[in-house]
Amino acid sequence: MIRVHVSPVPIDLAAEMTRVEQGNVGAVASFCGLVRADDGVDVLELEHYPGATEAALDRIARTATERWSLQAAMIVHRVGPMRPGERIVLVVTAAPHRRDALDACAYLIDRLKTDAPFWKRETRGDRASWVEARESDTAAASRWQA
C-alpha cells in the first residue's frame, strides 16, 4: 500500500497509523515532523505545487517499495499556515522486519526534503521570509544514492 496525501488539514496520527497496522506486518517505523519555534517563529507557511508535489512524493514512495520489502509506505504532508508544535509531516513504513521499515522511513524523509516541491515561509512578528534549502538536507538525501 502506498499512500500520499497533501492537505491543509491537521494530521491525525491515530487515524493514519491504523491504515498501515493491518495484515502480516512485523514492524512499523514512523517519523513525525513538527513546526519548531526557532528564533521566535510564530508561523510556518508551506506552499506546494499541486499535482507535481503529490507525483514527486509518489515516486519517492514507489522507489522505497522497490528498494525495501515494504507492505506500506505512507507520506502525509501538511501545507498552509502552521504554528509551533503543529505536525508538518508524517512518514510511516510497514515491513515484515524492522530493518526494512526503519531504513525505508529514513529514506522517505531524507528524499522528500529535497525531491518534492515545497516552499517554506517563516513569520516572526510582522516580518516574513522564505527559507532556503539546507546543505544538511542535501547531504542526508545524497547518502541514499544507488
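At a glance:
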read-out: Count of residues meeting criterion [loosely packed, with under 14 Cβ neighbours inside 10 Å, touching a strand residue (DSSP E or B) at 6+ places or on another chain (Cβ under 6 Å) and under 23 Å from residue 5 (Cβ atoms)] in segment 35-46; value: 0
read-out: Of all residues in segment 90-102 being open to solvent by less than 40 Å² (accessible area, probe 1.4 Å) and either outside any helix (DSSP H, G or I) or without any contact (Cβ under 8 Å) to a residue 60 or more places away in the chain (or both), the one that is farthest from residue 43 (Cα to Cα); value: 95
read-out: Complete set of residues in segment 66-95 that are touching a Leu at 6+ places or on another chain (Cβ under 9 Å) and not hydrophobic (A, V, I, L, M, F, W, C); value: 77, 78, 80, 81, 83, 84, 85, 86, 87, 93
read-out: In segment 3-34, the residues that are open to solvent by less than 50 Å² (accessible area, probe 1.4 Å), of a type in the set (A, V, I, L, M) and touching a residue at least 12 places away in the same chain (Cβ under 8 Å); value: 4, 6, 11, 17, 20, 25, 27, 29
read-out: Within segment 35-47, considering residues that are among the hydrophobic types (A, V, I, L, M, F, W, C) and without any contact (Cβ under 8 Å) to a residue 60 or more places away in the chain, the one farthest from residue 109 (Cα to Cα); value: 37
read-out: So residue 138, is it at pLDDT below 90 and either hydroxyl-bearing (Ser, Thr, Tyr) or surrounded by fewer than 21 Cβ atoms within 10 Å (Cβ to Cβ) (or both); value: yes
read-out: Subset of segment 65-75 (residues that are open to solvent by 10 Å² or more (accessible area, probe 1.4 Å) and touching a residue at least 40 places away in the same chain (Cβ under 8 Å)); value: 65, 67, 71
read-out: Any hit, segment 108-117, residues being surrounded by fewer than 18 Cβ atoms within 10 Å (Cβ to Cβ), touching a residue at least 12 places away in the same chain (Cβ under 8 Å) and assigned to a helix (DSSP H, G or I); value: yes
read-out: Single residue of 62, 87, 78 found to be in contact (Cβ under 8 Å) with a residue 60 or more places away in the chain, over 14 Å from residue 30 (Cα atoms) and in contact with a Pro (Cβ under 9 Å, 6 or more places away or on another chain); value: 78
read-out: Test: residue in segment 125-138 that is of a type outside the set (A, V, I, L, M, F, W, C), in contact with a Gly (Cβ under 9 Å, 6 or more places away or on another chain) and part of a strand (DSSP E or B); value: no
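The values are calculated or read from the model by the stated rules, or taken from the named source; none is laboratory data. As the structure is a computational prediction, the values presented were derived from the model and not from experiment. We place every Cβ from the backbone using ideal geometry, glycine too, and count neighbours over all the protein chains shown. All accessible areas refer to the heavy atoms of the entire protein, side chains included, with ligands and DNA or RNA removed. Shrake-Rupley method; radii C 1.70, N 1.55, O 1.52, S 1.80 Å.
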